[in-house]
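Asker: One structure, as structure tokens, below. Some questions next.
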Amino acid sequence: MKYFTDIWKNIDWEDIALRINNKTYKDVELALNSSKLDNEGIMSLLSPSAANYIEHISQKSKYLTRQRFGNTISFFIPLYLSNLCSNECTYCGFSINNKIKRKILNASEIIDECKVIKKLGLDRILLVTGEHSNKVGMKYFLKHINILRNKFSSVFMEVQPLMQDEYILLKRYGVDGFYLYQETYSKKCYDYHHLKGNKADFFFRLKTPDIIGNSGINKIGLGILLGLSDNWRVDCYFMALHFLWLRKIYWKTSFSISFPRLRSCIGGIKNKNIISDLHFLQIICAFRLLAPELELSLSTRESEYLRDNIVPIAINSMSVFSKTSPGGYNNSSGFSELEQFSLRDKRTPKEVSDAMIRLGLQPIFKDWDYYLGRR
């Protein structure tokens with residue numbers, strides 16, 4: 001079996017950086033006028049020259065988004081089941097070296113969280129944990145997944161990399177998709193920021209989306225932590241190649257791309273490679289032009305002002321009212337935990353929904369009903 005790791009090993013990071021930086025205005029115009037982007041085209045849209053065409057890129061992005069998704073914007077909410085983690089990562093509040101109180105939600109606490117979320121009207125949920133396969137692994141997932149599957153129409157997971165038979169089993173239990181972020185495609189940078197634990201294995205993480213694809217999972221989510229590496233243009237290009245590879249091989253699967261920017265957290269590094277709002281918009285629009293059908297997701301790491309302005313241009317999925325600590329939704333629990341990262345948009349689902357309606361968009365709180373069946 002061939003993995004994306006085989007593709008990655010044959011591409012030189014510095015060579016790609018040079019080629020992207022050498023793209024001209026003519027190259028950008030050629031990409032904008034193309035009906036289908038190739039590798040050179042995505043390089044052009046990520047290049048410094050493309051910043052001068054941001055208005056044209058945004059207009060085309062908005063046209064393609066509306067053409068493919070109409071005026072809809074889908075909402076989802078993350079549910080953190082645990083902040084226990086066996087990895088040491090320089091940018092994460094859950095890192096094993098942080099001296100914080102750890103928590104794993106039990107069945108009763110999960111039900112309490114679900115009750116609060118259901119009252120908010122949200123029916124599409126992303127289950128998130130720290131990476132600790134011994135205490136928060138398959139045994140834990142299988143014990144509690146039915147609670148969540150019976151309460152929500154769509155269930156996705158963002159957990160540690162698993163084995164193929166484990167993904168197949170979780171799909172059988174009703175999980176719709178898995179999100180696994182590479183964080184950065186620069187191995188040098190990756191090794192610098194991942195110091196201990198299973199996550200320190202760059203190549204195993206890189207090949208895991210292929211393992212997910214081979215499991216027949218309905219959706220695969222990719223992402224990098226923007227600002228972690230010193231060259232976001234090359235990082236984004238590698239993520240584009242990764243997506244294109246997966247789409248070609250696992251063509252029955254749908255895909256999602258997320259764009260988290262590095263945010264402060266207790267015990268975490270300071271962001272030295274700040275991605276400007278203009279460049280952030282450039283990245284998102286480049287992916288929309290690359291794949292008009294692709295789910296592009298925006299998190300509550302971003303401010304309400306920025307989200308309200310970028311969503312109509314290119315985004316079709318967004319998290320709302322996120323709490324990044326286990327037990328964070330049920331105020332009566334009396335359990336307060338360190339957030340995994342700082343949040344910017346703290347509006348309630350109704351406030352976000354009202355804002356989207358004012359922008360001419362139709363908020364979607366659930367993907368489907370049970371009577372429609374499942375794949």
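Asker: Describe numerically, in nm with one decimal, the distance between label points set 7 Å from Cα along Cα→Cβ at W251 and at L120.
Answerer: It is 3.9 nm.
Asker: With angles folded into 0 to 90 degrees, how steeply does helix 232-249 sit against the dominant principal axis of the chain? Use alpha carbons for both and round to 10.
Answerer: Rounded to the nearest ten degrees, it is 80.
Asker: In addition: Any idea of the accessible area per residue across segment 125-253, 1.4 Å probe, to the nearest Å²?
Answerer: Working: 4680 Å² over 129 residues.
Spelled out: the 1.4 Å probe surface of segment 125-253, per residue, equals 36 Å².
Asker: Using a 1.4 angstrom probe on heavy atoms only, work out the carbon and sulfur share of the accessible area of segment 114-174 in %. Each step should come with its number before you reach the end.
Answerer: Numbers: 1320 of 2640 Å².
Carbon and sulfur atoms account for 50 percent of the accessible area of segment 114-174.
Asker: Straight-line reach from K346: which aspartates and glutamates have a Cα under 18 Å away, not including same-chain ones fewer than 8 places off?
Answerer: Cross-link targets: E113, E302, E304, D308, E337, D354.
Asker: Given H placed on each backbone N at 1.01 Å, which residues far from I364 in sequence or on other chains put an amide H within less than 5 Å of it?
Answerer: So I364 has HN proximity to I73, S74, F75.
Asker: At 1.4 Å probe size, with no ligands or nucleic acids counted, give the accessible surface of H132 in Å², nearest ten.
Answerer: Its accessible surface works out to 30 Å², give or take rounding.
Asker: Rounded to the nearest 5, what % of DSSP beta bridges with both residues in the chain are antiparallel?
Answerer: On the way: 4 of 37 bridges.
Once the DSSP bridges in the chain are tallied, antiparallel ones form about 10 percent.
Asker: Could you name the lysines in cross-link range of K26, using Cα to Cα under 24 Å and dropping any fewer than eight places away on the same chain?
Answerer: K36, K60, K62
Asker: Next up: Over segment 1-64, what per residue volume does the convex hull of the Cα atoms give, in whole Å³?
Answerer: 100
Asker: Let me ask something else about it. When the helices in the chain are scored as -39500 (n - 2.57) per DSSP H run of 4 or longer and the sum is shared across all residues, what 222 nm value do you end up with, to the nearest 500 deg cm²/dmol? Mind dumping the intermediate values first?
Answerer: On the way: 14 runs with 153 residues, N = 375.
Value at 222 nm, helices only, nearest 500: -12500 deg cm²/dmol.
Asker: Moving on. In whole angstrom, how far apart do the alpha carbon centroids of segment 199-227 and segment 134-153 sit?
Answerer: 20
Asker: On to the next question. Could you state the accessible area per residue of segment 275-333 in Å², with a 1.4 Å probe and every protein chain left in place?
Answerer: On the way: 1570 Å² over 59 residues.
With all protein chains present, segment 275-333 gives 27 Å² per residue.
Asker: Using a 7 Å offset from Cα along Cα-Cβ at Q67, what residues in segment 31-57 end up with backbone N under 20 Å from the label point?
Answerer: In segment 31-57, the label zone of Q67 (backbone N under 20 Å from the point 7 Å along Cα→Cβ) covers 31-46, 53-57.
Asker: Note down the accessible area of Y91, probe 1.4 Å, to the nearest 10 Å².
Answerer: 20
Asker: Now for a different question. Among I100, Y179, L126, which residue has its Cα furthest toward the positive end of the charge dipole of segment 94-203, with +1 on Lys/Arg Cβ and -1 on Asp/Glu Cβ?
Answerer: Checked the options; the winner is I100.
Asker: Quick check: the angle from helix 304-314's long axis to the longest principal axis of the chain, C-alpha only, nearest 10 degrees?
Answerer: Around 60 degrees separate the two axes.
Asker: May I ask you to list the lysines whose Cα is less than 21 Å away from that of K99, ignoring any residue fewer than eight positions away on the same chain?
Answerer: Straight-distance partners of K99: K135, K196, K199, K270, K323.
Asker: Given a 1.4 angstrom probe, I'd like the percentage of the accessible area of segment 32-111 that is carbon and sulfur, rounded to a whole number.
Answerer: Details: 1740 of 3460 Å².
Here it works out to 50 percent.
The values are calculated or read from the model by the stated rules, or taken from the named source; none is laboratory data. The model shown is predicted, which means the values in this text are computed figures rather than measured ones. Quick reminder, even Gly has a Cβ in these numbers, built from the backbone with ideal geometry, and neighbours come from all protein chains shown. Calculation scope for accessible area: heavy atoms of the full protein, side chains included, ligands and nucleic acids excluded. Shrake-Rupley method; radii C 1.70, N 1.55, O 1.52, S 1.80 Å.
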